[in-house]
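Take a look at the structure set out below.
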Amino acid sequence: MYTLYYGKGAASLAVHAALKEVGVPYELVEVDLDAGQQRSPEYLRLNPRGKIPTLIIDGKPFHESAALMLMLADRHPHSNLAPPAGSLARAEWYELAVTLANDLGNNFRLWFYPSDLGASDEDLAFRSAIQLRIESMWAMLDARLADNGPYLLGETFSGVDLMLAMYMRWSRNMPRPATAWPALQKYADMMRARPSWRHITETEALTGW
Ligand SMILES: N[C@@H](CCC(=O)N[C@@H](CS)C(=O)NCC(=O)O)C(=O)O
């Protein structure tokens, strides 16, 4: 049994969609980030770093959205989250998951929480350096999908597509959102039409995309 502690549109989003794709029963507990509930004593007992998401797997709490995607893929080997263990496609899938988490996840963390590094929203040199790093990923991913789409693994959907769609969504209010790249715009349209994505959008009452 799974329980997902989520925040609206937060790093829990890809995990939420993955649970829906797998089709297992799960419970949702909303953590109101604006109200600071991630720093409540009850939540810190589950996740001492005070971050979202936390996924309770058989009574034990686990963290880090990319790691949770890997755990779900391992626990549901017949789902569509990842290619078969040991295959070359699985190796490529691991590479993609770690690359997305490092090069998009970490940079988005700094974009939304510049204070992690003692910077602020007004620190324009810092902001434009982070923006550049995120945009260089969009350029790379746009070329990859244009050459070998429609999914990150080519013809086959997998959990890394949920990660990418989540990160792309986070860029929607940036000066140059991911959808400014043509193959990524097409990809966003495709991912938004997925039943799991539509479900989480509705459940989390997300506006925009
Ligand atoms: N690397 C982590 C990042 C988690 C993270 O930074 N989550 C944000 C929401 S997207 C959060 O918890 N923010 C609240 C805070 O830091 O106080 C992951 O992917 O799970």
Exercise. So which GluC sites (Glu not before Pro) in the range 143-209 end up in coil per DSSP with only 15 or fewer other C-beta atoms within 10 Å?
Worked result: E155
Problem set entry | A89 versus R192: modelled label distance in nm, points set 7 Å from Cα along the beta carbon direction | 2.8 nm
Exercise. Per residue and in Å³, how big is the convex hull formed by the alpha-carbon atoms of the chain?
Worked result: 121 Å³
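For the range 55-128, what number results from the quotient of the Cα radius of gyration and 2.2 N^0.38 Å? Write down the numbers at each step before the final one.
Details: Rg = 16.4 Å, N = 74, 2.2 N^0.38 = 11.3 Å.
Ratio of Rg to 2.2 N^0.38 Å for the range 55-128: 1.45.
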Exercise. Of V15, V160, V29, which has the largest mean-square fluctuation in a 10 Å C-alpha GNM of the chain?
Worked result: V29
Seminar exercise, completed: Taking Cα atoms only, Rg over Rh for the range 88-161 with Rh from the Kirkwood formula is 1.08
Seminar exercise, completed: With the 8 Å Cα cutoff and a minimum separation of six or more residues, the chain has a relative contact order in percent of 21 percent
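None of the figures in this text is laboratory data; all of them are computed from the coordinates on show. Small disclaimer: the values here were computed from a predicted structure and weren't measured. Note that we place each Cβ from the backbone using ideal geometry, even for glycine, and neighbour counts take in every protein chain shown.
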